[in-house]
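Working notes for the structure below.
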Amino acid sequence: MSSIKVGKFGRHGYDTSVLQIVNPWLGWTLITENWLSTVTLGIAKLTFLLFYLTLFSPNRILRYMIYFGMVVTILVFLGFTLAQTILLVPHPGENWLEMYQDPREMAVLKISVPISVTSFIVDIYTFIIPITGVSGLKLSPKRKIGVLIVFITGL
């Protein structure tokens, strides 16, 4: 009988031993977690831009705005993903314990702020595109507001 209770989602962080922390499996889990969250953010933003491309492709200015947003999103989030991977994987000759004690491990936390800021900027940019597209439609102001509300609820 163990004195450690395993909950619904597994063992609590307080009940984790040092041997389990230095295990390479935990390192790969952290890399995957960081990598997947950044990739998912980028893909989610790209899906909105692709959706807008299908809606607003007849408008040349909006189409260029969407292409610009897609290129920036791909480049920025790909760069963040590569930076996280480089910072989180032990260099040749290092083991996982040495990597956790390296200051480069803390640099990953510093990358989270630019990721959040960039994600927010892309969200605002993604929000501006439908506003620009709907404002050019020949609808009454009441209908334009109604269409914009539909877009706002989608974001």
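The values are calculated or read from the model by the stated rules, or taken from the named source; none is laboratory data. A quick note: this is a predicted structure, and the numbers were derived from the prediction, not measured. Cβ placement follows ideal geometry from the backbone for every residue including glycine, while neighbour counts extend to all protein chains displayed.
Checking the structure you have, find out if any residue of segment 111-128 is closer than 19 Å to Ser57 by Cα, surrounded by 15 or more Cβ atoms within 10 Å (Cβ to Cβ), more than 20 Å from the chain's Cα centre (by Cα) and not hydrophobic (A, V, I, L, M, F, W, C). Scanning segment 111-128, I find no residue that is closer than 19 Å to Ser57 by Cα, surrounded by 15 or more Cβ atoms within 10 Å (Cβ to Cβ), more than 20 Å from the chain's Cα centre (by Cα) and not hydrophobic (A, V, I, L, M, F, W, C), so the answer is no. Within the option set Met106, Met70, being in a helix (DSSP H, G or I), at pLDDT 95 or above and either of a type in the set (A, V, I, L, M, F, W, C) or under 30 Å from Phe151 (Cα atoms) (or both) holds for one residue only, Met70.
Within segment 120-132, does at least one residue satisfy the condition of being acidic (Asp, Glu) and within 17 Å of Lys45 (Cβ to Cβ)? Checked against the condition, which is being acidic (Asp, Glu) and within 17 Å of Lys45 (Cβ to Cβ), segment 120-132 yields at least one hit. Scanning for something surrounded by 13 or more Cβ atoms within 10 Å (Cβ to Cβ) and in contact with a Phe, Trp or Tyr (Cβ under 7 Å, 6 or more places away or on another chain), does segment 140-153 turn up at least one residue? No, segment 140-153 contains no residue that is surrounded by 13 or more Cβ atoms within 10 Å (Cβ to Cβ) and in contact with a Phe, Trp or Tyr (Cβ under 7 Å, 6 or more places away or on another chain). Within segment 64-91, residues that are more than 30 Å from Thr54 (Cα to Cα) sit with their Cβ atoms under 6 Å from residues that are of a type in the set (D, E, K, R) and in a helix (DSSP H, G or I), at 6+ positions apart or across chains, in these pairs: Leu87/Arg104.
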